[in-house]
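> Take this structure first; my questions come after.
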Amino acid sequence: MLDIDFVRRQFPAFSEPSLQGQAFFENAGGSYTCAPVIDRLTRYYHQRKVQPYAPYAAAEAAGAEMDEARARLAALLGVETDELSFGPSTSQNTFVLANAVRCWLTPGEAIVVTNQDHEANSGPWRRLADEGIEVREWRIDSETGSLDPTDLDVLLEDGNVRLVCFPHCSNIVGEINDVTAITALAHAAGAFVVVDGVSYAPHGLPDVGNLGPDVYLFSSYKTYGPHQGVMVIRRQFGFELPNQAHYFNGETLYKRFTPAGPDHAQVAASAGMVDYIVTLAAHHGIEGSAVERGVAVHDLMREHEIELMQPLLDYLAARNDLRLIGPRAAERRAPTIAVDLGRNAEEAARALAAHGIMAGGGNFYGVRPLEALGIDPEQGVLRLSFVHYTTKAEVDQLIAALDATL
């Protein structure tokens, strides 16, 4: 079992006086930062804030730490080092990638997007319709919010689809999509696959190499790290797309989709995310390769989250004054739980704050899934999201606060 006391000691926020008594349930918007990331960021700004890779000690140390972050994070994700790149955000990474795809596709070819996505993995792809590219929508069920793979089969059957874009997990619906099965379906039809992992990765970094997509994107500031977008792009697809960086960087895969220079300090600090996972693995007696330790820590996190999530789902499902979005079974979803209150959700979040609950209300850039579910985006949903460092006592505090405010 996950040693929750040990986990929380790795996060300075839990010993911060100003946060005492506050239960954090807006982790889907950004997680607390683990101590190794803060330590690395502080050290970089104190000792290495110079142009990296120059021929003097501080610059060599700066470059080495940036290289370390890329190599260790790629190993944890089960991909090659040069298949991982950093950018200012996942939204920006997706925008650059979509521009490359725009130059690669030809009129008459098609892509598939969903209406379950955060707008960052929807809007940039939909704009390709302006270039004569057919955009096909894989639509969710209007009651459950689920994506049915048989519907995707129909969209793929004529063989004209070159790219399929979908979320590993929706930031509104919360359901975990079967990335491996969907990727296999798309690949069999001759299409590449882009997966938005922003809402899944905080619950345990996945073995991307084993999952199989051609692109996997997530945000390090939601996985206990600095504010960076992380993109895995596999070699075959990466070199098939046109270079988006300086022409002389075109032969380096991790630079091809980074038009501007990366944030050196934040890239270097990203190695702290791996430090944290390695520390958890060692504390729990987990050994093996980087990817094996990553998978085992992922499973520890998920088991803890599932145990805490099911009572909350049962409580919400039993109420007749709200609509719980997504699966009722904790095993099928992430603990990003949206509820439709039939009224302004931000006001409800403000009421919860008086009870020490930090939660969010709004549309969370999920306007399309909300509209598909028949929910007014202006009214929004109350979103209750947590990760593995949340405790049972905090979930109990949340339920008591919901009782008092709803």
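> Check each of the trypsin sites (Lys or Arg not before Pro) in the range 286-376 and keep only those in coil by DSSP with at most 16 other C-beta atoms within 10 angstrom; list them in order. Can you show the working numbers first?
Working: sites: ARG293, ARG302, ARG319, ARG323, ARG328, ARG332, ARG333, ARG343, ARG350; in loops: ARG319, ARG328, ARG343.
Passing both the DSSP loop test and the Cβ count: ARG319, ARG328, ARG343.
> Of the GluC sites (Glu not before Pro) in the range 111-158, which ones lie in a loop per DSSP and count no more than 14 other C-beta atoms within 10 Å? Display every interim value, and only then the final one.
Values: sites: GLU119, GLU131, GLU134, GLU137, GLU143, GLU157; in loops: GLU143, GLU157.
Those that pass, being in a loop and sparsely packed, are GLU143, GLU157.
> Follow-up. Determine the shape class of the chain: with a ≥ b ≥ c the square roots of the Cα gyration tensor eigenvalues, call it rounded for a/c under 1.5, and otherwise prolate if a/b is greater than b/c, oblate otherwise. Intermediate values should be presented prior to the final figure.
Values: a/c = 1.77, a/b = 1.08, b/c = 1.63.
In terms of gyration-tensor shape, oblate.
> Hey, another quick one. Among GLY362, GLY78, GLY374, determine the one that fluctuates most according to a GNM of the chain built with springs between C-alpha atoms less than 10 Å apart.
Fluctuation is largest for GLY374.
> Follow-up. Apply the Karplus curve 6.51 cos²θ - 1.76 cosθ + 1.60, θ = phi - 60°, to the phi angles in the range 137-150 and return the couplings in whole Hz, x for Gly and Pro.
Karplus values, whole Hz, x for Gly and Pro: 9, 8, 9, 7, 5, 5, 9, 8, x, 7, 9, 9, x, 5.
> Tell me the net charge near ASP153. Cut-off is 15 Å between Cβ atoms, ASP153 excluded, with +1 for each Lys or Arg and -1 for each Asp or Glu. Kindly include the intermediate steps, with their values, before the conclusion.
Values: positive: ARG136, ARG139; negative: GLU137, ASP148, ASP151, GLU157, ASP158, ASP178.
Every neighbour counted, the sum reads -4.
> Restricting to the range 42-274, compute how many DSSP beta bridges are antiparallel as a %, nearest 5.
Values: 10 of 27 bridges.
Here the share of antiparallel DSSP bridges comes out near 35 percent.
> Now a separate question. For the chain, what is the percent of antiparallel DSSP beta bridges, rounded to the nearest 5?
Working: 20 of 40 bridges.
In the chain, DSSP labels about 50 percent of beta bridges as antiparallel.
> Something else now. What's the local net charge at ASP403, with K and R +1, D and E -1, over the other residues with C-beta under 12 Å away? Show your work: numbers first, answer last.
Numbers: positive: ARG319; negative: ASP321, ASP396.
With Lys, Arg at +1 and Asp, Glu at -1, the net is -1.
> Let me ask something else about it. Straight-line reach from LYS392: which lysines have Cα under 18 Å away, leaving out those fewer than 8 places along the same chain?
Within the straight-line limit of under 18 Å, LYS392 reaches no lysines at all.
> In whole Å, how far is the Cα centre of the range 233-265 from that of the range 1-62?
What the calculation gives is 27 Å, centre to centre.
> Could you pull out every residue, at least 5 positions away or on a different chain, whose amide H is within less than 5 Å of the one on SER89? Hs are placed 1.01 Å off N in the peptide plane, and Pro or chain starts have none.
GLY229
> Next question, about the same structure. Net charge near ALA281: determine it from the other residues with C-beta under 10 Å of the C-beta of ALA281, scoring Lys and Arg +1 and Asp and Glu -1. Could the numbers behind the result be given before it?
Working: positive: ARG293; negative: GLU287, GLU292.
With Lys, Arg at +1 and Asp, Glu at -1, the neighbours total -1.
> Here's another thing I want to ask about it. Where the accessible area of the chain is counted over protein heavy atoms with a 1.4 Å probe, how much of it, in %, is carbon and sulfur?
On the way: 7910 of 15900 Å².
It is 50 percent, rounded to a whole number.
> Pick from GLY190, GLY174, GLY87 the residue whose mean-square fluctuation is largest in a GNM of the chain, springs joining Cα atoms under 10 Å.
Judging by the Gaussian network model, the answer is GLY190.
> Next question. Which lysines have a Cα less than 17 Å from the Cα of LYS222, not counting those fewer than 8 places away in the same chain?
Hits, sequence-local ones excluded: zero.
> How many angstrom lie between the C-alpha centres of the range 173-213 and the range 288-319?
A separation of 18 Å, based on Cα centres.
The values are calculated or read from the model by the stated rules, or taken from the named source; none is laboratory data. These numbers were taken from a predicted model, which means no experiment stands behind them. Note that we place each Cβ from the backbone using ideal geometry, even for glycine, and neighbour counts take in every protein chain shown. Calculation scope for accessible area: heavy atoms of the full protein, side chains included, ligands and nucleic acids excluded. Shrake-Rupley method; radii C 1.70, N 1.55, O 1.52, S 1.80 Å.
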